[in-house]
């Protein structure tokens with residue numbers, strides 16, 4: 001198997017999924033160095049600005065099915081989280097869910113893949129079926145600001161409600177825009193017993 005991999009690497013050398021430069025990393029150091037990192041806030045943490053390299057990586061990850069980007073992007077979140085939040089008190093990691101129709105089309109939930117990278121590092125379990133989306137909402141990023149709250153209002157519910165009682169939750173998503181999706185998810189989690197909900201997103205859109 002190693003021989004076959006070596007031959008394939010010679011014929012089809014591995015490349016950075018953003019700049020397409022030849023190298024073993026799905027996100028090369030040169031691209032990573034161009035990410036504009038953000039400072040933390042009280043409860044909502046975003047790794048970097050949704051533009052340039054980070055925007056390109058997320059778009060390829062989600063819409064071009066470059067799932068090999070989950071690991072390096074997830075590790076950006078790990079490094080950021082390790083500097084800015086005490087993870088020892090976390091009980092669950094909960095990814096923002098996709099509606100089942102969109103999940104069937106895409107084939108994966110990008111937030112869940114990122115959450116699993118954090119689970120592998122911190123050993124805090126990712127609970128994917130706890131929070132679910134009841135409405136097949138439109139993508140928030142493409143909507144006018146005035147329509148976004150209406151789009152996600154009441155779109156999230158909780159299964160297994162007893163699991164959340166007095167638990168500390170880390171909510172994971174790929175992009176923070178106006179915060180309406182995060183707010184609705186947080187409301188659903190707290191209404192069902194969560195003691196605290198911290199938020200970590202891979203990126204934040206500053207120009208809306």
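Can you name every residue in the range 27-55 that is surrounded by 12 or more Cβ atoms within 10 Å (Cβ to Cβ), part of a loop (DSSP other than H, G, I, E, B), modelled with pLDDT of 95 or more and out of contact with any strand residue (DSSP E or B) (no Cβ under 6 Å at 6 or more places or on another chain)?
27, 28, 34, 51
Can you name the number of the only condition in (1) free of Cβ contacts under 8 Å to residues at least 60 places away in the same chain; (2) crowded, with 16+ Cβ neighbours inside 10 Å; (3) farther than 19 Å from residue 197 by Cα that residue 78 fails?
The one condition residue 78 does not meet is (3).
Please state which one of 162, 193 is farther than 23 Å from residue 62 by Cβ and surrounded by 14 or more Cβ atoms within 10 Å (Cβ to Cβ).
Step by step, each of 162, 193 is checked, and only 193 is farther than 23 Å from residue 62 by Cβ and surrounded by 14 or more Cβ atoms within 10 Å (Cβ to Cβ).
Within the range 83-111, track down each residue that is assigned to a helix (DSSP H, G or I), touching a residue at least 60 places away in the same chain (Cβ under 8 Å) and either surrounded by 14 or more Cβ atoms within 10 Å (Cβ to Cβ) or in contact with a helix residue (DSSP H, G or I) (Cβ under 7 Å, 6 or more places away or on another chain) (or both).
87, 110, 111
Looking only at the range 150-167, decide whether some residue is within 23 Å of residue 86 (Cβ to Cβ) and either modelled with pLDDT under 90 or assigned to a helix (DSSP H, G or I) (or both).
Yes: one or more hits.
The values are calculated or read from the model by the stated rules, or taken from the named source; none is laboratory data. Please read all numbers here as calculations on a predicted model, not as lab measurements. So basically every Cβ, Gly included, is an ideal-geometry build from the backbone, and we count neighbours across all protein chains shown.
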